Amino acid sequence: TDRYAVIGKPIAHSKSPLIHGLFAQATGQDIEYTAIEGPLDGFADTVRAFIAAGGRGMNVTLPFKLQAFDIATDPMESARLAGAVNALKFEADRIYAQNFDGLGLVNDIQRNLGVLLTGKRVLICGAGGATRGAILPIAQQHPALLAVANRSADKAHELKADFAAHATLQTGGYADLAGESFDVVLNATSTGLSQAELPLPAGVFAPGALAYELVYGKGLTPFLKQARAAGVTQLVDGVGMLVEQAAEAFEWWRGVRPDTQAVIKRLTVPLE
Ligand code: ATR
């Protein structure tokens, strides 16, 4: 039995053990997948102890995504551009690192929701870690426009500079969006976890737009309520992204692609 785990703090509510358990069952892979609550001041030691005990790979969640980057010997492009890691693979003395969050997001939007990003006007709200992970996979689909808006416009402008070699971004504050509309609007701020509303100008949602909250399992967040009030009918949360990033990690580790549909269905919580 090969051993895998998710590490974070807190970790009790992580769905990763359930998701990977279902993947393993469905694909007949003999793995064990557990949850590890990492100590804030001993992340690297915890990972090394897991490797010494036969660990083959790990998922990494908050607050360790940056520390996981630091211990990687071989960060892949997805991790280098995001500056953060959500999956590790251990082989001999190497620690390979990936960030599958953005790819999971794009796969959910295109394959599961049937919205192709090519030629679309796409807006990402927020300029933190979640946005960093999403930019490259979205840009690779060649949207007509990829805009990043943030409360602190400077942080959005920093992203424009950081990604200059890989993506052409329109960046600014929320007020700068006045008069523009988008086919796909993503909330990658942390407001899905609080009750704050984003100051989105009226008209930001184009007719027939998709409103996507990256947070999962919080029901109708302020962002989704705003979108609904603006007439958006396609409102989704991040359950599909969660399962799709897990599928990418599972395939990277095991060489087998698990089916995601049944698992997404099982984890989906109605928005209200
Ligand atoms: P993550 O890694 O989850 O993206 P983060 O790096 O802390 O988290 O980024 C949080 C994002 O949520 C930022 O874009 C932040 O905006 P600022 O950079 O201007 O702080 C955004 N955010 C958090 N609370 C917000 C609020 N009440 N209104 C608007 N944006 C908010």
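Computed quantities for the displayed model
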{"quantity": "Separation of the Arg111 and Ser190 label points, Cα + 7 Å toward Cβ, nm", "calculated": "3.1 nm"}
{"quantity": "Charge dipole magnitude, Cβ of K and R +1, D and E -1 - the chain, Cα centre, debye nearest 20", "calculated": "340 debye"}
{"quantity": "Formal net charge of residues neighbouring Asp183 (Cβ-Cβ distance under 9 Å; K, R +1; D, E -1)", "calculated": "+2"}
{"quantity": "Under 13 Å, Cβ to Cβ, from Ala79 - net charge with Lys/Arg +1 and Asp/Glu -1", "calculated": "-1"}
{"quantity": "Region 102-239 shape via C-alpha gyration tensor axes, a/c threshold 1.5", "calculated": "rounded"}
{"quantity": "Cα-Cα over 24 Å, subset of Lys160/Lys218; Lys89/Lys155; Lys120/Lys160; Lys65/Lys155", "calculated": "Lys160/Lys218; Lys89/Lys155"}
{"quantity": "Two-decimal ratio, the chain, of alpha-carbon radius of gyration to 2.2 N^0.38 Å", "calculated": "1.00"}
{"quantity": "Point-charge dipole on Cβ atoms (K/R +1, D/E -1) for region 102-239, about Cα centre, debye to 20", "calculated": "160 debye"}
{"quantity": "DSSP bridge orientation in region 2-99 - percent antiparallel, rounded to nearest 5", "calculated": "35 percent"}
{"quantity": "Among beta bridges that DSSP assigns inside region 66-165, antiparallel share in %, nearest 5", "calculated": "40 percent"}
{"quantity": "Antiparallel content of DSSP bridges confined to the chain, in %, to 5", "calculated": "20 percent"}
{"quantity": "Lys/Arg +1, Asp/Glu -1 at C-beta; region 1-106 dipole; positive extreme among Val106, Gly28, Ala79", "calculated": "Val106"}
{"quantity": "Mean separation of Cα contacts under 8 Å (6+ apart) over length of the chain, as relative contact order %", "calculated": "15 percent"}
{"quantity": "Separation between Cα centres of region 27-90 and region 103-171, rounded to whole Å", "calculated": "25 Å"}
{"quantity": "Ascending count of other beta-carbon atoms within 10 Å, so fewest first, for Asp237, Asp41", "calculated": "Asp41, Asp237"}
{"quantity": "Translational diffusion coefficient (Stokes-Einstein; Kirkwood radius from C-alpha pairs) of region 1-145 at 25 °C, 0.890 mPa s, in µm²/s", "calculated": "151 µm²/s"}
{"quantity": "Check: region 2-99 dipole with +1 on Lys, Arg Cβ and -1 on Asp, Glu Cβ, in debye", "calculated": "200 debye"}
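Each value in this text was obtained by applying a stated rule to the coordinates, not by laboratory testing. Just so we're clear, the structure is a prediction, and the values are computed from it rather than from any experiment. Ideal geometry is used to build each Cβ from the backbone, glycine not excepted, and the neighbour counts take in all protein chains shown.
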